[in-house]
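Chemist: Supplied in structure tokens, the structure appears directly below.
The values are calculated or read from the model by the stated rules, or taken from the named source; none is laboratory data. Keep in mind that this is a model prediction, so the values were computed, not measured. Methodologically, a virtual Cβ is constructed for each residue, glycine included, from the backbone with ideal geometry; neighbour enumeration extends over all protein chains shown. Heavy atoms of the whole protein, side chains included, go into the accessibility calculation; ligands, DNA and RNA do not. Shrake-Rupley method; radii C 1.70, N 1.55, O 1.52, S 1.80 Å.
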Amino acid sequence: MSKDETLGEALRRQGVTRRGFLKFCAATASMMALPPSMVPVIAAALESARRPSVIWLSFQECTGCTESLTRSHSPTVEGLIFDSISLDYHHTLQAASGSAAEAARETAMEENHGKYILVVDGSIPTDNPGYSTIAGISNRDMLEEAAKGAAAIVSVGTCAAFGGIPAAKPNPTGAVSVSDLVHDKPIINVPGCPPIPVVITGVLAHYLTFGTIPELDDLKRPKAYYGKSIHDRCYRRPFYDKGLFAETFDDEGARKGWCLYKLGCKGPTTYNACATVKWNEGTSFPIESGHPCLGCSEPGFWDGGSFYSAISTPTEDIPKAAVYAVGAGAAAGVALGAMNRAKKQKSVDAHEKVTIDDLDKEK
Amino acid sequence: MTETEFLLWVRGPALQIATIVFVLGIVARILQMVMLGRKANLAEARGSALAGGLRTMVTRSVPDKGTFQRSTFTIVSGYIFHIGLFVTIFLFAPHILLVDEVFGLSWPALPTPVVDATAVVTIITLLAVLIHRLKDPVMRFLSGFSDYLVWLVTFLPLLTGYIAFHRIGLSPTMLIALHILSVELLMVLFPFTKLMHTFSLFIARYYNGAIAGYKGVHS
Amino acid sequence: MSGPSLEKGLAAFREQIDAPVAAFFNSCMHCGMCADACLFYTETKDPTRTPIYKLEPLRKVWQQEYTFWGRSMKALGMSKPVTDEELGQWEELVYDSCTLCGRCSMVCPVGNDIAYMIRKMREGMAAAGHAPDGLIGATKRAVTIGSPMGVKLPALQAQIRHIEEDTGLEIPLDREGVDYMCLLSSMEIMNFPEYTAALAKIFHQAGVTWTISSEAFEATNSGIQIGVSEIAAELVQRIVDAAEKLKVKAVISPECGHAYMAIRWEGPNLVGKPFDFKVVHILEVLDELREQGRLKITGKEMQRLTYHDPCQIARRGGVLEQPRRLLDMIADDFVEMPEAGVMNWCCGAGGGVSSNERADDLRLKVFNRKKEQLDAVQAEGLVSACANCRIHLEEGLEEYHMDLPVLSLTETIAEHLAEDKS
């Protein structure tokens, strides 16, 4: 694979048909809410694009995001696009190891300074730098150094985007997200635990096509994928509106496919494309399998209380508090009532008879 | 404090505190009120005080014709926003689920689009009620800080609930947190303000009806 | 310490506040509907005359003394105590601008019995020296002379002689063991002797035994109107003593609204024990006689009649159906005014307003409400059962240039009695 090979050449060399390629372009355009007239533009841009240099840094992560992107059942255009970038550093995937691997990273950063795309998965510990190091370099130092020469940063997965599970209470490593540390580069968050593969390739395709990053929401997520909530796009939504809910995982409602809100579904507060793009090559998504959405692409999803209780339900024991309050209220009420009675009785006792001689005010 | 932490605080300790203030305050306030007592009536009764009291607790919800004509706006708007509050609070599916989750009580919900429309009508009516209070010479004259405060803390949960349902402006997490917080504000202020009328009006109506019923009058 | 004082007034407020008052103040949402129920507001459009506002000093005392929040504020020195000056400002609202008619109490959506509270508030107002001079004078006369209008026994005896001459019937004075002891209001003694004559005729025909006590003939009770329970109790006690002395079965309250309230509903509570005798309104007695077939009537009033419910007899007293059944016997063309019965509009002179000269102009102004109610039915005769209403109705009709006779129901019935053949 030569660095001068265009993306189109690389794809054809790997046996992707023109038809398959255009299909991908059309799907990408549609998902990014671009008009159909943009499909040839995307195709042309992608075909002639020089494979950009990509440096992938993995910090406090579980490799789930990488797995999500690479472990497809059959080769896909997404996978091939991913294969076709010049992935100059990815310590899970690359063949090189040890100092050779680090040398590759440094070379790539030098040669493509200001042009390479930095992909990050995993959160960054800020407490003790020793919690996570690569080749003796702390995650934070490596990120800050790599960010300097990056054209843009893609934070893949909820850990890189929002801190994720490492940042969950009590956050022992002081884990933070990329955007907590890097403030002077365009950052695209692609949260999810893991994120949907096509979202990553879609973002890359957008960058290759237009040379810019896609439109983002206030959490730096591409609006094209994160613009609507799971709830809004959910095929079970009509049951919610009708008030038909599954109460348990094996009741009649569950079998009839009713809304899972009562089982803790976070669909209403989760913004992602699962309900439309789906997983495993469009097979299904969690709700379709009968499990409530966990809200994995939202900040702090791990700390939002039980996965199996709704987002608005209390986390403390309210009935117990209410019972104690009734008791305390009764005691307080009786005490206050007794004080009132005493005060009133005092006025009654002190009452001086009012006679007709007591009516005129001295004038 | 992140949004999630804020939501957790709001639906955790804050809700617990609000519940305690709300329940304790209401129970204490009602007892304090009733314990002032009243003298037994020594006059020979013509009718039943109990029956009269119970009757007026219900019948006072329906005004007589002349009163309706004289206070049409107050009565109609009062009906709309009270029913609207009832519908949005008690017949909205997520609210019922909350009660179910906390107390194990459940009842059928109205379809969400119906509740949504009711919320809009109620919001508009409450705004009209506020304008009326500011413009009507009698209401403007009678009203003080507490009247406007009570209006505000009633309005806020409705408004934040509507915004949260439609997810306007802020993140859903923040919107839900603000909505719950606004309800907690209502709960905390409830026992110390005339919001207490929610409960005390039935006591007041009972006394009114009992005083009249004893004399054989339907009040 | 004798004489009125702010301290006495506030102590009386504290004494008067009970569970209903607390529930009422707790429930008021300032909706203003009571204003539209009150003729003192509808005819003046003065927001200070909104019924609930007339209670503001009492409400303040409740809040500052009997609520947790108020007590806390008071302890922190953050509340303004009720001042003597404030009570002075409220005198005109509590006495001149309220007849205790209780119409607001029927309208309040949360069920506040505002008239009940005004009655209580007057206890404090009077103790603080903020009762109107006119009412103070009437109360003094009631206690010292026996009648707010200063009517003494010789005047009554003179009237009795005239009536006996006119009717040829005996007016029994101080007769023991009879069925009924009749009370009279001073207005009836001085202005409407026809009422006593009517009693004589009706009772004669129906074979009812009755008497008037020379020691307690006055029915009205200024103590209640001014708001001094001790004085009210003293006046009630006179009646109780006389009724017990004469061993009557029942005491008849005359055609006077507040007299009925005083003796029927407040009386036992003022003296602190149930009565050994019954108390009935004259309309109740007449209706009972009618039911028993002891009222023989001939002929009917042919002009279009309507009936003004005196507040304390109807809305506050519970005598609503009796006058209608009686009128059905004697009226050919009876028509109800809009909002008659429990929702009737007050004439504007009850509750001590008529004894308070300062309120004279106001009560004639607010009579406009009654005028409009009357205009709606175009009656040719206005029947009522309260001498105080009657005087004010006549005055009001004259003021508004309305040519409408005001009739007493009892007197009108007496005029239609069938000739006694026995």
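Chemist: Being open to solvent by 20 Å² or more (accessible area, probe 1.4 Å), within 15 Å of A:TYR226 (Cβ to Cβ), assigned to a loop (DSSP other than H, G, I, E, B) and within 12 Å of another protein chain (Cβ to nearest Cβ) is the filter here, so list the residues in region A:265-318 that pass it.
Modeler: Residue satisfying the conditions is A:PRO299 alone.
Chemist: Still on this structure, please answer the following. Can you list the strands (runs of 3 or more DSSP E) found entirely within region A:85-199 that contain at least 3 residues being more than 18 Å from the chain's Cα centre (by Cα)?
Modeler: Numbers: elements: A:86-90, A:116-121, A:150-156, A:187-190.
By residue number, A:86-90, A:116-121, A:150-156.
Residues checked against (1) within 23 Å of A:GLY304 (Cα to Cα); (2) within 22 Å of the chain's Cα centre (by Cα); (3) in the same structural domain as A:ALA152 (by TED's automatic domain parsing):
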residue: A:GLY211; (1), (2), (3): no, no, yes
residue: A:LEU219; (1), (2), (3): yes, yes, yes
residue: A:PRO238; (1), (2), (3): no, no, no
residue: A:LYS242; (1), (2), (3): no, no, no
residue: A:GLY253; (1), (2), (3): no, no, no
residue: A:LEU260; (1), (2), (3): yes, yes, no
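Chemist: Which of the residues that make up region C:292-338 are among the hydroxyl-bearing types (Ser, Thr, Tyr) and under 26 Å from C:ALA219 (Cβ atoms)?
Modeler: Going residue by residue through region C:292-338, those that are among the hydroxyl-bearing types (Ser, Thr, Tyr) are C:298, C:306-307.
Once the filter is applied, which keeps residues that are among the hydroxyl-bearing types (Ser, Thr, Tyr) and under 26 Å from C:ALA219 (Cβ atoms), region C:292-338 yields C:THR306, C:TYR307.
Chemist: Let me ask another. Test A:GLY327 against the criterion of being crowded, with 20+ Cβ neighbours inside 10 Å and either outside any helix (DSSP H, G or I) or within 14 Å of chain B (Cβ to nearest Cβ) (or both), and give yes or no.
Modeler: Values: crowded, with 20+ Cβ neighbours inside 10 Å: no; either outside any helix (DSSP H, G or I) or within 14 Å of chain B (Cβ to nearest Cβ) (or both): yes.
The answer is no for A:GLY327.
Chemist: Next question. Do any helices (runs of 4 or more DSSP H) lying entirely in region B:137-195 carry at least 1 residues that are modelled with pLDDT under 95, away from chain C (no Cβ under 14 Å) and in contact with an Asp or Glu (Cβ under 8 Å, 6 or more places away or on another chain), and which ones are they?
Modeler: Values: elements: B:137-142, B:145-166, B:172-189.
By residue number, B:145-166, B:172-189.
Chemist: Something else: Take the residues of region C:32-51 that are surrounded by fewer than 24 Cβ atoms within 10 Å (Cβ to Cβ) and in contact (Cβ under 8 Å) with a residue 60 or more places away in the chain: which is farthest from C:ALA340 (Cα to Cα)?
Modeler: If we take residues in region C:32-51 being surrounded by fewer than 24 Cβ atoms within 10 Å (Cβ to Cβ) and in contact (Cβ under 8 Å) with a residue 60 or more places away in the chain, then C:THR44 is farthest from C:ALA340 (Cα to Cα).
Chemist: How many residues does region B:105-117 contain that are open to solvent by 30 Å² or more (accessible area, probe 1.4 Å) and either more than 9 Å from every other protein chain (Cβ to nearest Cβ) or of a type in the set (Val, Ile, Thr) (or both)?
Modeler: 6
Chemist: Quick one: which of B:ILE131, B:ILE203 is over 30 Å from A:LYS242 (Cβ atoms) and at the interface with chain C (Cβ under 10 Å from one of its Cβ atoms)?
Modeler: Of B:ILE131, B:ILE203, the one residue that is over 30 Å from A:LYS242 (Cβ atoms) and at the interface with chain C (Cβ under 10 Å from one of its Cβ atoms) is B:ILE203.
Chemist: Of the residues A:ASN280, A:ASN272, which single one is in contact (Cβ under 8 Å) with a residue 12 or more places away in the chain and over 30 Å from B:LEU170 (Cβ atoms)?
Modeler: Values: A:ASN272 fails: over 30 Å from B:LEU170 (Cβ atoms).
Being in contact (Cβ under 8 Å) with a residue 12 or more places away in the chain and over 30 Å from B:LEU170 (Cβ atoms) holds for just one of A:ASN280, A:ASN272, which is A:ASN280.
Chemist: Which numbered condition in (1) crowded, with 17+ Cβ neighbours inside 10 Å; (2) out of contact with any Phe, Trp or Tyr (no Cβ under 9 Å at 6 or more places or on another chain); (3) not in a loop (DSSP other than H, G, I, E, B) is the only one that C:LEU305 fails?
Modeler: The number of the failed condition is (2).
Chemist: Given the conditions (1) in contact (Cβ under 8 Å) with a residue 40 or more places away in the chain; (2) out of contact with any Leu (no Cβ under 9 Å at 6 or more places or on another chain); (3) open to solvent by 10 Å² or more (accessible area, probe 1.4 Å), and given that C:GLN225 satisfies all but one, which numbered condition is not satisfied?
Modeler: (2)
Chemist: Can you pull out every residue in region C:126-153 that is of a type outside the set (A, V, I, L, M), over 19 Å from the mean Cα position of the chain (by Cα) and either in a helix (DSSP H, G or I) or more than 12 Å from chain A (Cβ to nearest Cβ) (or both)?
Modeler: Residues satisfying the conditions are C:ASP133, C:THR144, C:LYS152.
Chemist: Moving on to the next point. Select from region B:6-36 the residues that are free of Cβ contacts under 8 Å to residues at least 12 places away in the same chain and open to solvent by less than 20 Å² (accessible area, probe 1.4 Å) and list them in ascending order.
Modeler: B:GLY12, B:GLN32, B:LEU36
Chemist: Among C:GLU398, C:GLU336, which is the only one that is of a type in the set (D, E, K, R) and within 14 Å of chain B (Cβ to nearest Cβ)?
Modeler: Exactly one residue qualifies, and that residue is C:GLU336.
Chemist: If a residue has to be touching a Gly at 6+ places or on another chain (Cβ under 6 Å), exposed (fewer than 15 other Cβ atoms within 10 Å of the Cβ) and more than 27 Å from A:HIS206 (Cα to Cα) to count, how many in region A:106-160 make the cut?
Modeler: Within region A:106-160, residues that are touching a Gly at 6+ places or on another chain (Cβ under 6 Å), exposed (fewer than 15 other Cβ atoms within 10 Å of the Cβ) and more than 27 Å from A:HIS206 (Cα to Cα) number 1.
Chemist: Of the residues C:CYS34, C:CYS28, only one is under 22 Å from the mean Cα position of the chain (by Cα) and not basic (Lys, Arg); which?
Modeler: Selected residue: C:CYS34, the only one of C:CYS34, C:CYS28 that is under 22 Å from the mean Cα position of the chain (by Cα) and not basic (Lys, Arg).
Chemist: Moving on. What pairs come out if I take residues in region B:70-86 that are within 15 Å of B:TRP151 (Cα to Cα) and among the β-branched types (Val, Ile, Thr) and pair them with residues that are open to solvent by less than 90 Å² (accessible area, probe 1.4 Å) and part of a loop (DSSP other than H, G, I, E, B) whose C-beta lies under 9 Å away, six or more apart or interchain?
Modeler: B:THR74/B:ASP136; B:THR74/C:CYS31; B:THR74/C:GLY32; B:THR74/C:PRO109
Chemist: Here is a further query. From the list A:LEU57, A:LEU34, pick out the single residue that is open to solvent by less than 70 Å² (accessible area, probe 1.4 Å), part of a loop (DSSP other than H, G, I, E, B) and in contact with a helix residue (DSSP H, G or I) (Cβ under 8 Å, 6 or more places away or on another chain).
Modeler: The conditions single out A:LEU34.
Chemist: Just need a number here: residues in region C:261-277 that are facing chain B (nearest Cβ under 8 Å) and not in a helix (DSSP H, G or I).
Modeler: The total comes to 4.
Chemist: Also, I was wondering about something else. C:ARG324 - would you say it is assigned to a loop (DSSP other than H, G, I, E, B), open to solvent by 10 Å² or more (accessible area, probe 1.4 Å) and in contact with a helix residue (DSSP H, G or I) (Cβ under 9 Å, 6 or more places away or on another chain)?
Modeler: Judged against the criteria, C:ARG324 is not a match.
Chemist: Would you pick out the residues in region C:110-125 that are surrounded by 24 or more Cβ atoms within 10 Å (Cβ to Cβ) and over 19 Å from the mean Cα position of the chain (by Cα)?
Modeler: C:GLY111, C:ASN112, C:GLY124, C:MET125
Chemist: Next question, about the same structure. Can you spot a residue in region B:143-150 that is within 21 Å of B:ILE89 (Cβ to Cβ), touching a residue at least 24 places away in the same chain (Cβ under 8 Å) and open to solvent by 20 Å² or more (accessible area, probe 1.4 Å)?
Modeler: Yes: one or more hits.
Chemist: Further question: If we scan region C:71-91, do we find a residue that is under 19 Å from C:MET29 (Cβ atoms), at the interface with another protein chain (Cβ under 10 Å from one of its Cβ atoms), open to solvent by 30 Å² or more (accessible area, probe 1.4 Å) and in contact with a helix residue (DSSP H, G or I) (Cβ under 9 Å, 6 or more places away or on another chain)?
Modeler: no
Chemist: For the subset of region A:330-363 comprising residues that are more than 11 Å from chain B (Cβ to nearest Cβ) and of a type in the set (S, T, N, Q), which member is farthest from C:SER2 (Cα to Cα)?
Modeler: Residue satisfying both the conditions and the ranking: A:SER347.
Chemist: Please specify each residue of region A:232-282 satisfying the condition of being in contact with a Phe, Trp or Tyr (Cβ under 8 Å, 6 or more places away or on another chain) and under 20 Å from B:TRP107 (Cβ atoms).
Modeler: If the condition is that a residue be in contact with a Phe, Trp or Tyr (Cβ under 8 Å, 6 or more places away or on another chain) and under 20 Å from B:TRP107 (Cβ atoms), then A:PHE239, A:TYR240, A:LEU244, A:PHE245, A:ALA246, A:GLY253, A:TRP258, A:CYS259, A:TYR261, A:LYS262, A:LEU263 are the ones that fit.
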